[in-house]
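Novice: Here it is: the structure, laid out below.
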Amino acid sequence: MSKRLLILEDGTIFEGESLGANLDVTGELVFNTGMTGYQESITDQSYNGQILTFTYPIVGNYGVNRDDYESIHPTCKAVVVHEAACRPSNWRMQMSFDEFLKAKNIPGITGVDTRAITKIVREHGTMKASLVQARDEVEHQMSQLQATVLPTNQVETSSTTTAYPSPNTGRKVVVVDFGLKHSILRELSKRECNLTVVPYNTSAQEILEMEPDGVMLTNGPGDPTDVPEAIEMIKEIQGKIPIFGICLGHQLFSLANGAKTYKMKFGHRGFNHAVREIATGRIDFTSQNHGYAVSSENLPEDLMITHVEINDDSVEGVRHKHFPAFSVQFHPDAAPGPHDASYLFDDFMDLMDNFKK
Amino acid sequence: MPKRNDIKKIMIIGSGPIIIGQAAEFDYAGTQACLALKEEGYEVVLVNSNPATIMTDREIADTVYIEPITLEFVSKILRKERPDALLPTLGGQTGLNMAMELSKIGILEELNVELLGTKLSAIDQAEDRELFKELCERIGEPLCASDIATTVDEAVEIADKIGYPIIVRPAFTMGGTGGGICDTEEELREIVANGLKLSPVTQCLIEESIAGYKEIEYEVMRDSADNAIVVCNMENFDPVGVHTGDSIVFAPSQTLSDNEYQMLRDASLNIIRALKIEGGCNVQLALDPHSYEYRVIEVNPRVSRSSALASKATGYPIAKMSAKIAIGMTLDEIINPVTNKTYAMFEPALDYVVAKIARFPFDKFENGDRHLGTQMKATGEVMAIGRNIEESLLKAVRSLEIGVFHNDLQEAQDADDEILYEKMVKTQDDRLFYVSEAIRRGIPIEEIADLTKIDIFFLDKLLHIVEIEDQLKVNIFEPELLKTAKKNGFSDRQIAKLWNVSPEEVRRRRQENRTIPVYKMVDTCAAEFESSTPYFYSTYEWENESKRSSKEKIIVLGSGPIRIGQGVEFDYATVHCVKALQALGKEAIVINSNPETVSTDFSISDKLYFEPLTFEDVMNIIDLEQPEGVIVQFGGQTAINLAEPLSKAGVKILGTQVEDLDRAEDRDLFEKALQDLEIPQPPGATATNEEEAVANANKIGYPVLIRPSFVLGGRAMEIINNEKDLRDYMNRAVKASPEHPVLVDSYLQGRECEVDAICDGTEVLLPGIMEHIERAGVHSGDSMAVYPPQTFSQEIIDTIVDYTKRLAIGLNCIGMMNIQFVIFEEQVYVIEVNPRASRTVPFLSKVTNIPMAQLATQMILGKNLKDLGYTEGLAETPDMVHVKAPVFSFTKLAKVDSLLGPEMKSTGEAMGSDVTLEKALYKSFEAAKLHMADYGSVLFTVADEDKEETLALAKDFAEIGYSLVATQGTAAFFKENGLYVREVEKLAGGEDEEGTLVEDIRHGRVQAVVNTMGNTRASLTTATDGFRIRQEAISRGIPLFTSLDTVAAILKVMQSRSFTTKNI
């Protein structure tokens, strides 16, 4: 195995062995604390452009299977692991972790102190990093890294470019794809929704013309303020159609109603985030992957906070006071992570049914 | 919800004496719970019969009762204390069962005592097979299909319904004897027929077989607001079928995809919500390795051994949180004590791998049945933390202290292929080593996976270890490879072996290339949040997180896994040493490898290193911490054994110096020391071969006590009466050599006693003398001990005090020592000296109210007795009488002989205290669960040489109304002497038990069994007969006495409780 370097914006360099595809990349360095679910995480489009560090030290134990993809073409930039399992074992396994990364053209590095990396990110916040072949030009690579401006069009590169249907017999739902996870479609399909998935920049007019029972605003990567067209769309459809937003969809829904978003120091990535539903006091463990959050300060009159993270009190869900619309920061669709909050999809069904009446 | 203010006083019931399946973990849980309740301002009353626990310290609860955990005594305490509530779920099955009994007789209702935590109805629902089945059916959780059969035909019918293979479990047989897996009806008929015969209730459970399924555990918690969390999940290396307490276990699960993980998480939470558990709970599940099929195996509705493991594996204190939940608090308002920032409503994220391996007693019980099944057999366990499977597994292996430093066992190397295959398929305690050996022999891991059903993922890790071994063998001194080996958990010793150099050489090369370990923190959150937990493990990585403080620091070595001879007593002493160090303003650093104990609770010490207790691992920490010194006196033989290598490496050993430790432990040096001090010992000599042993024995005179040097707990020790047996012993039991001599001592059949002494170098304090009930020949750990002595003259006591002083001063003891004496014909002899804290420290500390381990620690740090207000000599004796009784786990161990002798066999101890010896004895028997019926029959079957002595005892039994039953010889002798006795048939080696005394025992026709074998090696028939008789008594729970002294003691109790009937 050849040597690879993970170069951090703050100057720290980690040397490890190469894993996956053989290419040099630069992206935003983040960490995920899940102990399982690497296949779902890597294929989660919300990691678009990011270098994903797994805090759990052995990754790839059960290989990669045909079922657990969250997108067909993952756009995560690279992965950082302490150790990649060399002999995965699971009845559903199709290929090893390394084979998967190669097939999806994702480079990786193994044999590095992922806990130390996590602590750096925790202390300094998410930062740029490069994953490169070990060569004698580290300084050059460092200056290149520092000069790199990370793209802001992640949603564009993650979203579908054309609309497509996922037919079923139930309620008609338009799913606006900002980089959706298949699990959202799975949860809706499980409830027999007749789906049409549309690109992120579909206009309100086009959506309204489809006369859906509801609109699902999906998760996606990056800064929500980079997608102003979606904010405009939401402003126009809310009140006319029931809306359910997840993750980036939640941030966009909040922005559309006048809330502010901010970049978190190192985000929430993992699935042990405890979230309290304010109305009932119920606490669920939720799957999360976001680097931006909705600010609780100066929250517009029209929105009420429905969910908070119990440790940092960050906003985890809002509801419109007058319109049939709500959104959550976390993933009730799980995958990976606990299924505790899947009831929110049922709530969405009720919301659509009640609105119809 | 905030804590409840309507209750003020809470009673906690402990788990009693340590037995297999219920060990130190409940001291850890109970201690945490008591402290948590006190922290919240409640008054805590504690009942536990086990003095060797931290929880029974006065500082832990407000009021402590060391009394038997029986209805009689707990009711009495309830009436006296009138607590508002009782918290029953922290004292293991013992505490829980006691609470159930109390509830059933109505005393809780009568006294208006509320049960806190999980409701009894829920506990019933979880523990009663039928109720649990109903519950699971209702909530849609799958159990193994099963039914009870009372005839063979019934069994066949049930099996046809369920489908083969089928598991048969006979009801109430010892260790599940008679059960098995059947693939066909023919096999089923055979096994059930036999099983029904063995079962005292003629019942067999016929169950669907899930052999080959993965065994997965979830440690879950729930509060009264229905918040529920998974603290940790764990995956067994061994598939379903081996008790999880005996399995090698990894945390978190390793081969489960997220789908499977979440599916089982949902099932676990579904179950605890349905049960309405309030506190900790353990859910065991079986997962098909080829589909999403799973079965719920069982639920433990309380804190358990697994929850202690999960607490140590994650840092999340389950017992503490359970106690807080019990008083009404909810997880979202309790702060996570690890981060001190986040809430307890949190599912820990691990960024390391934890391995647990069980410690078995088969080094002591050579004839014990080593096959593993649903009956737990381990006495203790070790845990190790690493950044990969290989590292944590190998660290755990070398923590076991079974003489191996790698997954490499000589016996496995020596085994032929046939034995190797058998050992792989029929799971025994040492399977890991045979599987590893199979891989070394090139057997493909696919084949091994097929044979053993161990997941290939784990086998590949073993293969990886073997591959590194192979590379090391051909790449001597290669620095990159050395690094790889260290990252994968290889010990310096193993690398040295493969390189054919000394471990010191490996260590030197490691240090040269800076291949030294770093220490990572256990923080519950995978570094996502800043933590300040002083809880560390070593690994070979980039960043070291354990920062050396500027405080003066001292390292205390723990005692490793609990085994027979080295139990929780040593953890007690370790914890007290830490407390004393802290009181003196030192930073106390603990190194230990046992997840069950209080000493490995990170809140006890200033810094905890969860590491193997080997020279290498300890030395690495010393290199980093640069302590003032290391204390080795409290960690049993484990710590003492490290004194010499550490001292050689230039480490300062605090307290008694290594030369002096040697003078106590080395036979020749010790003999010389005794001669110099003019203290007599039983005549003896060392021998390095058979002929020398025979010559020495002839010189000394039979009987002789023979044993290898340097052993703990009397391993391989025997009393020998003649040359033939001696020669047999020399060939069978030991491999004597000049390096490993055997000791041949005159066996003086006198009264034994022991003392623990504390010495500051000039003055010696004896907190007390403990007299043993059983005469010399029964290991001191298996003897009942009485404090203060009841039969010694003042002269003898003075002599003991005098010898103790001379020995302590003469051996330059600084700190603590333990001395065993035998008194033979009014002459006091020293049998042995242990230059360290002994297993009697907690008992004696509690009955004398002298905090011995703390005091000894102060001596070690240079304080003196006088300044601390102690007068030298024997401390004043209080009015009460205290008895320590041993407790055994024979019911868990098939084929282990319960006959007491010089080899220690007990797993725990209980204490009884009262104003008279008889009352104290009664309590100690009750606390040890040796309950003698008030009337009935006593069966005698004794050796010829014991007949005379037995006669006197039998007479006394008859006098207070017991009937006598005896085998032929004994019966004839009794009759000759005018006693009425019913004669029963001997077994006489026969298969047929009908009409024999075994039937009498089985059908409850006798209420106690007295069986002695004498000192002469019995004939094979007599020996096996005796063994079968004892087994029968043990499995039927009938009091069994193998020492006439114990019989005399219980007789004393029964006499004091009965009235005589005498004509006038």
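Novice: Can we say B:PHE26 is in a helix (DSSP H, G or I) and at pLDDT below 95? Give the steps one after another, and end with the answer.
Specialist: On the way: in a helix (DSSP H, G or I): yes; at pLDDT below 95: yes.
Judged against the criteria, B:PHE26 is a match.
Novice: Those residues that are surrounded by fewer than 24 Cβ atoms within 10 Å (Cβ to Cβ) and small (Gly, Ala, Ser), I need them from the range A:216-255; list them, please.
Specialist: A:GLY239
Novice: Scan the range B:511-557 for residues that are touching a Phe, Trp or Tyr at 6+ places or on another chain (Cβ under 8 Å) and more than 25 Å from B:LYS487 (Cα to Cα) and jot them down.
Specialist: B:VAL556
Novice: To continue, here is another question. For residues that are within 36 Å of the chain's Cα centre (by Cα), farther than 21 Å from B:MET932 by Cβ and among the basic types (Lys, Arg), tally how many sit in the range B:972-1006.
Specialist: Summing the residues that are within 36 Å of the chain's Cα centre (by Cα), farther than 21 Å from B:MET932 by Cβ and among the basic types (Lys, Arg) in the range B:972-1006 gives 1.
Novice: Are any residues in the range A:325-343 more than 13 Å from chain B (Cβ to nearest Cβ), of a type in the set (A, V, I, L, M) and either touching an Asp or Glu at 6+ places or on another chain (Cβ under 7 Å) or surrounded by fewer than 24 Cβ atoms within 10 Å (Cβ to Cβ) (or both), and if so, which ones?
Specialist: Residue satisfying the conditions is A:VAL328 alone.
Novice: Restricting to the range B:174-222, name every residue that is out of contact with any Pro (no Cβ under 6 Å at 6 or more places or on another chain), among the basic types (Lys, Arg) and at pLDDT 90 or above.
Specialist: Correct list: B:ARG189, B:ARG222.
Novice: Which pairs turn up if I take residues in the range A:55-76 that are more than 10 Å from chain B (Cβ to nearest Cβ) and look for partners that are surrounded by fewer than 23 Cβ atoms within 10 Å (Cβ to Cβ) and not in a loop (DSSP other than H, G, I, E, B) with beta carbon separation below 6 Å, at least 6 apart in sequence or on another chain?
Specialist: From residues that are more than 10 Å from chain B (Cβ to nearest Cβ), the pairs are A:ARG66/A:GLN94; A:GLU70/A:HIS182.
Novice: Which numbered condition in (1) touching a residue at least 40 places away in the same chain (Cβ under 8 Å); (2) over 11 Å from A:LEU19 (Cβ atoms); (3) of a type in the set (Ser, Thr, Tyr); (4) within 14 Å of chain B (Cβ to nearest Cβ) is the only one that A:THR110 fails?
Specialist: Every condition holds for A:THR110 apart from (2).
Novice: Also: Out of B:GLN794, B:GLN749, which single residue is surrounded by fewer than 24 Cβ atoms within 10 Å (Cβ to Cβ) and in contact (Cβ under 8 Å) with a residue 60 or more places away in the chain? Working first, answer last.
Specialist: Working: B:GLN794 fails: in contact (Cβ under 8 Å) with a residue 60 or more places away in the chain.
Answer to the selection: B:GLN749.
Novice: Taking B:GLY650 and the conditions (1) surrounded by fewer than 19 Cβ atoms within 10 Å (Cβ to Cβ); (2) in a loop (DSSP other than H, G, I, E, B); (3) touching a residue at least 24 places away in the same chain (Cβ under 8 Å); (4) of a type outside the set (D, E, K, R), which numbered condition does it fall short on, given that it satisfies the others?
Specialist: Result: B:GLY650 passes all but (3).
Novice: Within 30 Å of B:ILE7 (Cα to Cα) and buried (at least 17 other Cβ atoms within 10 Å of the Cβ): does that describe B:GLY117?
Specialist: yes
Novice: Give the residue that is surrounded by the fewest Cβ atoms within 10 Å (Cβ to Cβ), with candidates limited to residues of the range B:363-395 that are within 14 Å of chain A (Cβ to nearest Cβ) and assigned to a loop (DSSP other than H, G, I, E, B).
Specialist: B:ASN388
Novice: For the range A:245-266, does any single residue satisfy the condition of being farther than 21 Å from A:GLU70 by Cα, of a type in the set (Lys, Arg), touching a Gly at 6+ places or on another chain (Cβ under 8 Å) and away from chain B (no Cβ under 14 Å)?
Specialist: yes
Novice: Continuing with the same structure: Here are some residues: B:GLN93, B:GLN32. Which one is surrounded by fewer than 22 Cβ atoms within 10 Å (Cβ to Cβ), within 25 Å of B:ILE277 (Cβ to Cβ) and within 25 Å of the chain's Cα centre (by Cα)?
Specialist: Working: B:GLN32 fails: surrounded by fewer than 22 Cβ atoms within 10 Å (Cβ to Cβ).
Checking each option against the conditions leaves just B:GLN93.
Novice: If A:ARG135 meets every condition in (1) of a type in the set (Lys, Arg); (2) assigned to a strand (DSSP E or B); (3) exposed (fewer than 15 other Cβ atoms within 10 Å of the Cβ) apart from one, which number is that one?
Specialist: Evaluating A:ARG135 over (1) of a type in the set (Lys, Arg); (2) assigned to a strand (DSSP E or B); (3) exposed (fewer than 15 other Cβ atoms within 10 Å of the Cβ) leaves (2) as the failure.
Novice: Something else now. When B:ASN500 is evaluated against the numbered criteria (1) among the polar types (S, T, N, Q); (2) more than 14 Å from chain A (Cβ to nearest Cβ); (3) under 32 Å from the mean Cα position of the chain (by Cα), which criterion, by number, is the only one it fails?
Specialist: The failed condition is (3).
Novice: Looking at the range B:232-249, which of the residues that are within 14 Å of chain A (Cβ to nearest Cβ) and either surrounded by 23 or more Cβ atoms within 10 Å (Cβ to Cβ) or touching a Ser or Thr at 6+ places or on another chain (Cβ under 6 Å) (or both) is farthest from B:MET345 (Cα to Cα)?
Specialist: First, the residues of the range B:232-249 that are within 14 Å of chain A (Cβ to nearest Cβ): B:232-235, B:237, B:239.
From what's left, either surrounded by 23 or more Cβ atoms within 10 Å (Cβ to Cβ) or touching a Ser or Thr at 6+ places or on another chain (Cβ under 6 Å) (or both): B:232-235, B:237.
Numbers: B:CYS232: 13, B:ASN233: 16, B:MET234: 20, B:GLU235: 23, B:PHE237: 29 Å.
So, considering only residues that are within 14 Å of chain A (Cβ to nearest Cβ) and either surrounded by 23 or more Cβ atoms within 10 Å (Cβ to Cβ) or touching a Ser or Thr at 6+ places or on another chain (Cβ under 6 Å) (or both), the one farthest from B:MET345 (Cα to Cα) is B:PHE237.
Novice: Another question, then. I'm told A:SER41 meets every condition in (1) in a helix (DSSP H, G or I); (2) away from chain B (no Cβ under 13 Å); (3) surrounded by 24 or more Cβ atoms within 10 Å (Cβ to Cβ) except one. Can you identify the failing condition by its number?
Specialist: (2)
Novice: Is it the case that the range B:403-412 has a residue that's touching a residue at least 60 places away in the same chain (Cβ under 8 Å), surrounded by fewer than 24 Cβ atoms within 10 Å (Cβ to Cβ) and touching a strand residue (DSSP E or B) at 6+ places or on another chain (Cβ under 9 Å)?
Specialist: Within the range B:403-412, none of the residues are touching a residue at least 60 places away in the same chain (Cβ under 8 Å), surrounded by fewer than 24 Cβ atoms within 10 Å (Cβ to Cβ) and touching a strand residue (DSSP E or B) at 6+ places or on another chain (Cβ under 9 Å).
Novice: Taking into account only those residues within the range B:270-285 that are closer than 15 Å to B:PRO142 by Cα and surrounded by fewer than 24 Cβ atoms within 10 Å (Cβ to Cβ), which is nearest to the other protein chains (Cβ to nearest Cβ)? Full working, then the answer.
Specialist: In the first step, residues of the range B:270-285 are kept if they are closer than 15 Å to B:PRO142 by Cα; the result is B:270-272, B:274, B:283-285.
Now drop any that are not surrounded by fewer than 24 Cβ atoms within 10 Å (Cβ to Cβ), which leaves B:270, B:274, B:284.
Working: B:ASN270: 11, B:ALA274: 16, B:GLN284: 19 Å.
Out of the qualifying residues, it is B:ASN270.
Novice: Next up: Give the range B:304-362 a look and list any residue that's among the polar types (S, T, N, Q) and away from every other protein chain (no Cβ under 14 Å), or say none. So that I can check it myself, show each step before the final result.
Specialist: To start, the set of residues in the range B:304-362 that are among the polar types (S, T, N, Q) comprises B:304, B:306-307, B:311, B:314, B:322, B:330, B:336, B:339-340, B:342.
B:SER304, B:SER306, B:SER307, B:SER311, B:SER322 - these are the residues of the range B:304-362 that are among the polar types (S, T, N, Q) and away from every other protein chain (no Cβ under 14 Å).
Matching residues to (1) among the charged types (D, E, K, R); (2) free of Cβ contacts under 8 Å to residues at least 40 places away in the same chain; (3) touching a His at 6+ places or on another chain (Cβ under 7 Å); (4) surrounded by fewer than 20 Cβ atoms within 10 Å (Cβ to Cβ):
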{"site": "B:MET816", "(1), (2), (3), (4)": "no, no, no, no"}
{"site": "B:VAL822", "(1), (2), (3), (4)": "no, no, no, no"}
{"site": "B:ILE850", "(1), (2), (3), (4)": "no, no, no, yes"}
{"site": "B:ALA856", "(1), (2), (3), (4)": "no, no, no, no"}
{"site": "B:LYS863", "(1), (2), (3), (4)": "yes, no, no, yes"}
{"site": "B:LEU874", "(1), (2), (3), (4)": "no, no, no, no"}
{"site": "B:LEU900", "(1), (2), (3), (4)": "no, no, no, no"}
{"site": "B:GLU909", "(1), (2), (3), (4)": "yes, no, no, no"}
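Novice: Moving to a separate point now. What's the total number of residues in the range B:514-573 that are among the small types (Gly, Ala, Ser) and more than 14 Å from chain A (Cβ to nearest Cβ)? Explain how you work it out, then say what you get.
Specialist: Residues of the range B:514-573 among the small types (Gly, Ala, Ser): B:526-527, B:531-532, B:538, B:546, B:549-550, B:558-560, B:565, B:567, B:573.
Those left that are additionally more than 14 Å from chain A (Cβ to nearest Cβ): B:549-550, B:558-560, B:565, B:567, B:573.
Counting residues in the range B:514-573 that are among the small types (Gly, Ala, Ser) and more than 14 Å from chain A (Cβ to nearest Cβ) gives 8.
Novice: Pull out all pairs, ordered by first then second residue, where Cβ-Cβ is under 8 Å, the residues are six or more apart or on different chains, the first lies in the range B:943-962 and is farther than 20 Å from B:ASP1025 by Cβ, and the second is of a type in the set (Phe, Trp, Tyr) and loosely packed, with under 14 Cβ neighbours inside 10 Å.
Specialist: B:ALA958/B:TYR980; B:GLY961/B:TYR935; B:TYR962/B:TYR935
Novice: Which residue out of B:ALA36, B:ALA122 is in contact with a Lys or Arg (Cβ under 6 Å, 6 or more places away or on another chain), in a helix (DSSP H, G or I), within 30 Å of B:GLU207 (Cβ to Cβ) and aliphatic (A, V, I, L, M)?
Specialist: The match here is B:ALA122.
Novice: Within the range B:483-497, how many residues turn out to be buried (at least 22 other Cβ atoms within 10 Å of the Cβ) and either without any contact (Cβ under 8 Å) to a residue 40 or more places away in the chain or more than 30 Å from A:ARG122 (Cβ to Cβ) (or both)?
Specialist: 6
Novice: Given the conditions (1) in a loop (DSSP other than H, G, I, E, B); (2) at pLDDT 95 or above; (3) of a type outside the set (A, V, I, L, M, F, W, C), and given that B:SER538 satisfies all but one, which numbered condition is not satisfied?
Specialist: Failed condition: (1).
Novice: Only one of (1) at pLDDT below 95; (2) under 20 Å from A:LEU351 (Cα atoms) fails for A:GLU277. Which number is that?
Specialist: (1)
The values are calculated or read from the model by the stated rules, or taken from the named source; none is laboratory data. Because the structure is predicted, anything quoted here is derived from the model rather than measured. Here the Cβ is made from the backbone with ideal geometry for all residues, glycine too, and neighbour counts use every protein chain on show.
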